[in-house]
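Colleague: Next up is a structure, given as structure tokens.
The values are calculated or read from the model by the stated rules, or taken from the named source; none is laboratory data. A quick note: this is a predicted structure, and the numbers were derived from the prediction, not measured. Methodologically, a virtual Cβ is constructed for each residue, glycine included, from the backbone with ideal geometry; neighbour enumeration extends over all protein chains shown. Quick note on the areas: whole protein, heavy atoms, side chains included, nothing else; ligands and nucleic acids left out. Shrake-Rupley method; radii C 1.70, N 1.55, O 1.52, S 1.80 Å.
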Amino acid sequence: MRNRAPFIWTPKQPIDQMAMLSVMTGTEPRAESANRWFLFRRTFELAEVPGSAPLHITVDGRYQLFVNGTRIGRGPARCSPLYQRYDSYDVGAALMPGANSIAVLVRVFGKDMSWYEQTKGMWQPTFGDGGLWVATDLTEAGADGALTTDTEWRCIEADAWNGDAPQANHGLGFIEDLDARRLPEDWTATGYDDAGWDAAQIMQAGGGGPEAFFGGMRTVPFPVLQPNTIGPLAETELRPERIAWTKSVEVRDEAPLHDQIYTEPLSDPDADAVKDVEALLNAEGRTHITTAPGRGVSILFDFGRITTIHPFIEIEAKGGEQIDIAVAERLPDEWTDGGPAADSRIARTPLLGLDAHLSRYTARPGRQRFERFEWQAAKWMQVTIRNAPEGVDILSLGGVYTRFGAEARGRFDCSDPVLNRLWETGRYTLQLCMHDGWEDCPSREQRQWLGDATVENLVGHAAFGPGIADLNAEFLRKAAESQRPDGLTQMFAPGNHGDNGILIPDWTLQWILNARDHAVWTGDLGVIEEIFPAIERALAWFARLRNENGLVADMPYWHFMDWSGVGRAGEACTLNAQLAGCLDAAAALADQLQMPRKADTYRADANAIRHALDRRHWDEARGVYVDMVDPENGEQNPRVSQHANAAMILWGDAPADRWPRMIDYISDPERITFTP
């Protein structure tokens, strides 16, 4: 954005103009504490309420935005910090004549997450982690011109959250541990007195004439801002469908937060500990819970099917009551023949980060609502209440169902109820994996893997129609923004991929196929034109690996093919066929972009690869294409996969008269094997 507002941050995090040199001098990089929370406020006067009031906002981390005490939105969408996304809202309906306030809760992660990238070098050594940017123009309503982030904003670092809480798993944020007694009450409201807070500082260093430091170089954070084109996520409150059980808990305060929910012994509920438990299933009800010394109450709720929610609870409390909320996709014995046992509980499953996702809330006196800052997948929700000797009333409980707001326009219906249910299950599963990006799964990772997105995009068009186009366009951009100098993209983007820690080259190819599908199904050449230079660089990487036989041989990095049991050594058939398909896709896109010379080159390269595959991989005796050929002596490895032969039909231009023999061979039950 031109003439944009500056970023601001707490003055207690000093600006170090010279720290930029640490990148070159090899001194220790700047390190801030991880998992920090900040409160920001700005008050202003309006002579009248405007018809509309666009407000733009982004942060380093994630935020919740409030206007006059009403939450307006959350964000920003996942992105690379080099192409920071900002959100836009019309806040006119929340404004009023006279005094108004904007408040922002900012969570700073301080390390990479599955969907977040910490700034590496550049401006981070100068300013550290964090930053808030807001811009709006309320001149027509009598405000003092553009209301932007400036030194009129007030801020504090909130100590109500436990910054030492561990991560839920290796990628999905930190356990949220909030003591509401330490959080300023009504801090988002217009009349709150923030005079004791700090005045925000502008995040800017350097500048001046050519005689100044580094020739007057000026450093600001996030110099490239891009609009978030997918809009706010849809939100709907959900209630659990049933209560699986109510138990008493033997409290073990000596256990750490991330162990208590799993290890505290459960028993039948104490007499009079819980009154009117079924009221918890209603939007309006009152369940009274009292705990004895050393005892607590735990209740397991079933939402009926997996959903993606911000868990919430509304209570009236005396203050000091401790509430733990754990959510999980499954119970340990849920899929056994008999189903979960009557006392089955959420259990620890550390493999691949499948533990439950936890939050803890310590209540202040009075009526209040706790809502988990991050959303998470949940079918089961276990709520444990401790330290409520005088009783606590639960008024409401459930989750804010959060998802990308595409309308389910696809339809399927037939005489087979199993197929009808399978269609609906597939559509709903995809919706659980659509938020601010395509996700491989809503619980364990929430990463936007390039290969997953190619399939999700096609299923999305079948189930949701054109409503998913903006989501996929942003995916295409963000994959391109992750591209390395050599042309490969990261295997998921953005996120904690470790800056080239592991790479999947064949998923760079999946991204190119996705771009072709996007152009076919949407006609949106704007995003294709944006990313086509990146597609060219990607295909150039593969071109450098082609040998004198015209094929990529011994591809480096993780030759993934989504865990398929294919041969990968030497000249790999599946990979090279896919590369030929990508070159065809790029040629078609070049045609649409009026680049005939480039289109001709890509088609010629695709044909050369196909001819080489046909010449070197076809086994006439068996009527199939083999997986691997030795690039040195041309010897065929006997291994045959369904994938290689399907790829030759799909991309490799295998002659149609060969198809029956190929399909008979690879579908013969006597030959089929299953790999781990």
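Colleague: What does the convex hull of the Cα atoms of region 193-260 come to per residue, in Å³, rounded to a whole number?
Modeller: Convex hull volume per residue, Cα atoms: 375 Å³.
Colleague: Which cross-chain or sequence-distant (5 or more) residues have an amide H under 5 Å from the amide H of residue 30, H modelled 1.01 Å from N in plane?
Modeller: Here the answer is none, since no amide H 5 or more places off falls under 5 Å of that of residue 30.
Colleague: For q = 0.13, 0.22 Å⁻¹, what log10 I(q)/I(0) does region 515-625 give under the Debye formula with an equal point scatterer on each alpha carbon and no solvent?
Modeller: -0.55, -1.21
Colleague: State, as an integer percentage, the relative contact order of region 430-496 based on alpha-carbon contacts under 8 Å between residues 6 or more apart.
Modeller: Answer for region 430-496 is 29 percent.
Colleague: Can you tell me the equivalent ellipsoid semi-axes for region 57-201? Use √(5λ) from the Cα gyration tensor, largest first, whole Å.
Modeller: Over the Cα atoms of region 57-201, the ellipsoid semi-axes are 27, 19, 14 Å.
Colleague: Now for a separate question. Quick check on region 238-388: what does the Kirkwood estimate of hydrodynamic radius come out to from the alpha carbon pairs, in Å?
Modeller: Roughly 15.7 Å, rounded to one decimal.
Colleague: Further, regarding this structure: I'd like the distance between the alpha-carbon centres of region 154-181 and region 456-472, rounded to an integer number of Å.
Modeller: For region 154-181 versus region 456-472, the Cα centre distance is 35 Å.
Colleague: Also, I was wondering about something else. Quantify, in whole percent, the carbon and sulfur part of the accessible surface of the chain (1.4 Å probe; protein heavy atoms only).
Modeller: 51
Colleague: Amide H neighbours of residue 70 under 5 Å, counting only residues 5+ apart in sequence or on other chains, H built in-plane at 1.01 Å?
Modeller: For residue 70, whose amide H was placed from the backbone, there are no distant partners under 5 Å.
Colleague: Hey, another quick one. First obtain the Kirkwood hydrodynamic radius of region 148-235 from its Cα pairs, then insert it into the Stokes-Einstein equation at 20 °C and 1.002 mPa s, and state the resulting D in µm² per second as a whole number.
Modeller: 121
Colleague: List every residue whose amide H lies under 5 Å from the amide H of residue 552, counting only residues 5 or more places away in sequence or on a different chain, with H placed 1.01 Å from N in the peptide plane.
Modeller: Hits under the 5 Å cutoff: 547.
Colleague: Okay, moving on. Please compute the net charge surrounding residue 397, taking Lys and Arg as +1 and Asp and Glu as -1 over other residues with Cβ under 9 Å from its Cβ.
Modeller: Cβ neighbours under 9 Å give a net charge of 0.
Colleague: Trypsin sites (Lys or Arg not before Pro), restricted to region 12-62: which are DSSP loop and have at most 11 other Cβ atoms within 10 Å?
Modeller: Listed in order of number, the matching sites are 12.
Colleague: Can you sort 33, 641 by 1.4 Å-probe accessible area, starting with the largest?
Modeller: Result of the area sort, largest leading: 33, 641.
Colleague: Let me ask something else. Taking 8 Å as the Cα distance limit and 6 or more residues as the minimum spacing, I'd like the relative contact order of the chain as a percentage.
Modeller: 11
Colleague: Span-like helices, the chain: DSSP H, alpha-carbon axial extent 15 Å or more, mean Kyte-Doolittle -0.5 or greater, which ones?
Modeller: 417-432, 450-464, 469-481, 505-522, 525-543, 573-592
Colleague: Taking a cut-off of 41 Å, what percent of all Cα-Cα pairs in the chain are separated by more than that?
Modeller: Tail of the P(r) past 41 Å holds 38 percent of the pairs.
Colleague: Once R0 is set to 56 Å, what does the formula 1/(1 + (r/R0)^6) return for the Cβ-Cβ distance between residue 181 and residue 674, expressed as a FRET efficiency to the nearest 0.05?
Modeller: Between residue 181 and residue 674 the formula returns 0.50.
Colleague: Within region 199-278, report the trypsin sites (Lys or Arg not before Pro) that DSSP leaves as loop and that have at most 15 other Cβ atoms within 10 Å.
Modeller: Sparse-neighbourhood loop trypsin sites (Lys or Arg not before Pro): 252.
Colleague: Which three extents, in whole angstrom, do the alpha-carbon atoms of region 345-446 cover along their principal axes, largest first?
Modeller: 58, 33, 28
Colleague: Taking the alpha-carbon centroid of each part, what is the distance from region 578-632 to region 51-83 in angstrom?
Modeller: So the separation of the two Cα centres works out to 46 Å.
Colleague: If you don't mind, there's one more thing I want to ask. Using label points projected 7 Å from each Cα along Cα→Cβ, tell me how many nm separate residue 254 and residue 224, to one decimal.
Modeller: 5.5
Colleague: For region 375-515, report the convex hull volume of the alpha-carbon atoms normalised per residue, in Å³, without decimals.
Modeller: Here the figure is 166 Å³ per residue.
Colleague: Quick one: go through region 160-201 and flag any residue whose amide nitrogen is under 20 Å from the point 7 Å out along the Cα-to-Cβ line of residue 152.
Modeller: Residues passing the 20 Å test: 188-201.
Colleague: So, one more: Pairs 318/379; 247/318; 12/111; 111/247; 111/318: which exceed 26 Å Cα-Cα?
Modeller: 318/379; 111/247; 111/318
Colleague: Then there is this: Can you work out the accessible area per residue across the chain, with the rest of the protein chains kept in place, probe 1.4 Å, in square angstrom?
Modeller: On a per-residue basis, 42 Å².
Colleague: Could the peptides 444-454, 620-630, 339-349 be put in order, highest first, of the mean number of other beta-carbon atoms found within 10 Å of their residues?
Modeller: Peptide ranking by packing, descending: 444-454, 620-630, 339-349.
Colleague: Work out, step by step, the length gained on full extension between residue 272 and residue 211: first 0.36 nm times the residue separation, then minus their alpha carbon distance; give nm to one decimal.
Modeller: 14.2 nm
Colleague: Related question: Order these peptides, 116-125, 195-204, by their mean beta-carbon neighbour count within 10 angstrom, highest first.
Modeller: Those peptides, ordered most packed to least, come out 116-125, 195-204.
Colleague: Still on this structure: Below 8 Å between Cα atoms, with a sequence gap of 6+, how large is the relative contact order for region 467-609 in percent?
Modeller: Relative contact order here is 23 percent.
Colleague: Work out, step by step, the length gained on full extension between residue 607 and residue 409: first 0.36 nm times the residue separation, then minus their alpha carbon distance; give nm to one decimal.
Modeller: Value of the extension gain: 67.4 nm.
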